[in-house]
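Student: Quick one: the structure is below, questions incoming.
The values are calculated or read from the model by the stated rules, or taken from the named source; none is laboratory data. In this text the structure is predicted, and so the values were computed from the model without any measurement. Every residue, glycine among them, receives a Cβ derived from its backbone with ideal geometry; neighbour counts consider all protein chains shown. Just the protein is used for accessible areas: all its heavy atoms, side chains included, with ligands, DNA and RNA removed. Shrake-Rupley method; radii C 1.70, N 1.55, O 1.52, S 1.80 Å.
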Amino acid sequence: MRYRRSGKTSLHTPSPPPLFYLFFALALALVILVAVALIIIIVVVVVVVVVVVVVVVVAVVVVVFNRPSFFLFSVQHEFGHFQMARSLGIHVSKFSIGFGPILWSYDKDDVEYSFRAFPLGGFVAFPDDDPESKYDQEDPDLLQNRPVKDRFLVTSAGIVANFIFAWAVRFAQAETAGVAEMTYKGGVTVAQTLPGSAAAAAGLMEGDILTRIGSYDVGADKTESAVRRVVETIRDSAGQDLEVEFLRQGPASPRGATSNPVKQLTRVTPDGKVARIGVQLSPNADVKRTKATSPLAAANFASGQVYRLTGTIWSGISSLLTNFEQTSQSLSGPVAIVAAGADIARSDVASLAQFAAIVNINLAVVNALPLPGLDGGYVALQLAEILRGGNKLDQDLERGIMGSGFLVLMFAGLWLVAKDTVSLLHL
């Protein structure tokens with residue numbers, strides 16, 4: 001028998017509802033956003049790694065081939081913590097010069113002493129939070145179990161060490177190289193002109209003496225404030241055209257003599273964002289060095305210098321807090337400090353004493369600020385403990401406060417490192 005099918009069969013696929021297309025578009029957009037975010041994160045990580053590598057290379061080269069003692073400035077601070085803890089019988093687990101991978105180390109009296117790859121400071125470690133520590137958590141010689149007086153002494157010892165070192169350096173300078181006496185002649189000297197800057201475009205060169213900028217008669221100002229007032233004039237004229245009058249030494253004759261300086265005029269426009277023209281300035285002054293007449297005179301000089309520099313640095317920090325937008329442009333990190341020190345060493349070794357004092361006092365003042373992650377932050381917590389009648393804050397809360405401060409400091413440090421590198425390499 002045969003069977004024959006009759007009729008027609010049609011296949012019909014129903015169209016998806018409009019809501020389906022909406023969900024599909026949202027999912028696709030989400031995938032694209034995630035992909036873009038991942039690409040941005042990868043690029044940022046690569047840039048940070050490259051910047052850090054460049055910074056380390058630049059810093060190490062500058063330190064090794066110029067003055068290897070520069071990075072020890074901050075080590076004075078850590079040595080203060082270490083020495084105070086050891087003198088009080090408090091357990092210390094590590095004392096390191098530098099950061100990163102260990103290049104060399106040795107153990108003595110349960111302390112690991114080490115030199116590390118990145119010579120940009122150092123640190124002291126305590127066994128309190130080490131899960132592999134051999135000490136019981138109730139050991140009375142752990143830092144966390146000591147009375148608040150002992151912990152305050154250990155915390156503040158780094159700051160004190162920086163002040164002592166600064167004082168000792170200035171005392172030694174007064175006794176050996178002598179105290180610099182400046183005779184200001186009026187005007188401000190251009191110590192360096194950055195390539196591609198507004199000053200370079202205006203024709204300013206190293207060695208030029210600024211005698212007028214805008215309405216400020218620099219040539220008539222024979223005081224130490226001339227450089228500061230020139231900088232203030234430039235900052236107050238961001239984006240505005242400034243007339244600059246300067247003296248330039250004439251060409252040398254065949255016998256080596258030089259003609260009298262020639263007065264010249266130019267115009268320069270400070271950058272509208274950072275209010276700079278791209279020069280480094282120094283006083284136009286004759287310097288005479290005189291040794292102290294006695295150790296007491298040297299001690300008085302050193303004490304006065306530490307007091308004056310502390311006030312100057314504190315004024316700078318206050319300006320940063322009250323006028324962050326402009327003042328932050330002049331902030332420098334470890335790379336710029338090392339580079340500046342190398343320049344000073346090449347030009348005037350005797351000035352290294354003042355440079356060392358400034359760096360140490362700067363470290364002391366900044367670390368004394370009551371901010372999380374700094375010594376002043378720990379002191380603030382210890383004062384809070386005293387006010388609470390000797391009751392400590394919850395350890396998790398304390399770690400959270402100090403940890404958040406450390407992250408902020410780390411990112412601020414990376415920003416300064418990147419800023420210094422870009423400036424140093426004239427990128």
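Student: Take Ile97 and tell me if it is β-branched (Val, Ile, Thr), outside any helix (DSSP H, G or I), modelled with pLDDT under 90 and open to solvent by less than 80 Å² (accessible area, probe 1.4 Å).
Tutor: In short, yes.
Student: Could you tell me whether any residue of segment 185-205 is within 30 Å of Gly389 (Cβ to Cβ) and open to solvent by less than 80 Å² (accessible area, probe 1.4 Å)?
Tutor: Taking segment 185-205 as the starting set, the residues that turn out to be within 30 Å of Gly389 (Cβ to Cβ) are none.
No; the residues of segment 185-205 include none that is within 30 Å of Gly389 (Cβ to Cβ) and open to solvent by less than 80 Å² (accessible area, probe 1.4 Å).
Student: Go through segment 206-236 and give me each residue that's crowded, with 17+ Cβ neighbours inside 10 Å, closer than 23 Å to Glu181 by Cβ and among the charged types (D, E, K, R).
Tutor: Asp221 - this is the single residue of segment 206-236 that is crowded, with 17+ Cβ neighbours inside 10 Å, closer than 23 Å to Glu181 by Cβ and among the charged types (D, E, K, R).
Student: Also: Just for segment 125-162: of the residues that are open to solvent by less than 30 Å² (accessible area, probe 1.4 Å) and among the β-branched types (Val, Ile, Thr), which one is farthest from Leu369 (Cα to Cα)?
Tutor: Val154
Student: With respect to Asp136, is the statement that it is farther than 25 Å from Asn360 by Cα, among the charged types (D, E, K, R), part of a strand (DSSP E or B) and without any contact (Cβ under 8 Å) to a residue 60 or more places away in the chain true?
Tutor: Details: farther than 25 Å from Asn360 by Cα: yes; among the charged types (D, E, K, R): yes; part of a strand (DSSP E or B): no; without any contact (Cβ under 8 Å) to a residue 60 or more places away in the chain: yes.
Considered against the rule, which asks whether it is farther than 25 Å from Asn360 by Cα, among the charged types (D, E, K, R), part of a strand (DSSP E or B) and without any contact (Cβ under 8 Å) to a residue 60 or more places away in the chain, Asp136 comes out as no.
Student: Do you know which residues across segment 185-218 are in a loop (DSSP other than H, G, I, E, B), over 11 Å from Arg248 (Cα atoms) and without any contact (Cβ under 8 Å) to a residue 40 or more places away in the chain?
Tutor: Hits for segment 185-218 are Gly214, Ser215, Asp217.
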